[in-house]
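J.: Structure below; questions to follow.
The values are calculated or read from the model by the stated rules, or taken from the named source; none is laboratory data. Being a predicted model, the structure only gives us computed values, none of them experimental. Cβ coordinates were reconstructed from backbone atoms using ideal geometry, including for glycine residues, and neighbour counts include every protein chain displayed. Note: accessible area is taken over every heavy atom of the protein model, side chains too, but ligands, DNA and RNA are not part of it. Shrake-Rupley method; radii C 1.70, N 1.55, O 1.52, S 1.80 Å.
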Amino acid sequence: MDIMSQALQQGSELQYDGMECCSMQDAHSHTFWELNYFLEGTGYVQAGDAFHTFEPGSIICVPPAMPHSIVSDETFQSFHIALHISMLSGTNVCVFHDEPQQTLRAFVLYYARLLKDHSVNYVNILTALRLTMQHILLGWQGKQLSAEVVQLAKMLRQNVGNDKFVLADA
């Protein structure tokens, strides 16, 4: 089975994915992993009994069923994406910081734009972006990426912002 078929079988929570801009988010939990990419502001995420600080470029992934909240003394802006994976480290919160070239930020902003604009083939491109972000995070955890994922990530990086890009033609 090819990488896109696998990704499409993972399901989608597109109605959940979205931007948030506020100074506090009450405790809640989900049935899926939640990727939070912080675009602006500083503060912390309380997940279970642990506190994880964030700043622009922070990525905090919270596992399913873990109560979590976000607190900041200022307004923060984050983008959250539902991830349907069990590949991240067990039931622990995973914390990352984006690379200097801000690869994940570019993917998140492209994802947000596609989600809003519903461009041609947007569901397939969103699925590919989500899968690519998941595998980038796995790589940051030191796990081996398949050649297929590396190729997909390269193709998406080259076409971020290209309105004429159609994944099915790639």
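J.: Where residues in segment 57-72 are of a type in the set (Gly, Ala, Ser) and within 12 Å of ALA47 (Cβ to Cβ), which of them is surrounded by the fewest Cβ atoms within 10 Å (Cβ to Cβ)?
T.: First, pick out the residues of segment 57-72 that are of a type in the set (Gly, Ala, Ser): 57-58, 65, 69, 72.
Among the residues that remain, those that are also within 12 Å of ALA47 (Cβ to Cβ) are: 65, 69.
Values: ALA65: 10, SER69: 13.
So, considering only residues that are of a type in the set (Gly, Ala, Ser) and within 12 Å of ALA47 (Cβ to Cβ), the one surrounded by the fewest Cβ atoms within 10 Å (Cβ to Cβ) is ALA65.
J.: If you don't mind, another one. Of all residues being without any contact (Cβ under 8 Å) to a residue 60 or more places away in the chain and aromatic (Phe, Trp, Tyr) in segment 106-137, which is most open to solvent (accessible area, probe 1.4 Å)? Just the residue, please.
T.: This residue is TYR122.
J.: Would you mind stating whether GLN101 is open to solvent by 20 Å² or more (accessible area, probe 1.4 Å) and in a strand (DSSP E or B)?
T.: No; evaluated as a whole, the condition is false for this residue.
J.: Which residue is nearest to ALA65 (Cα to Cα), if the candidates are limited to segment 23-40 and must be surrounded by 20 or more Cβ atoms within 10 Å (Cβ to Cβ) and of a type outside the set (A, V, I, L, M, F, W, C)?
T.: Here the answer is GLU34.
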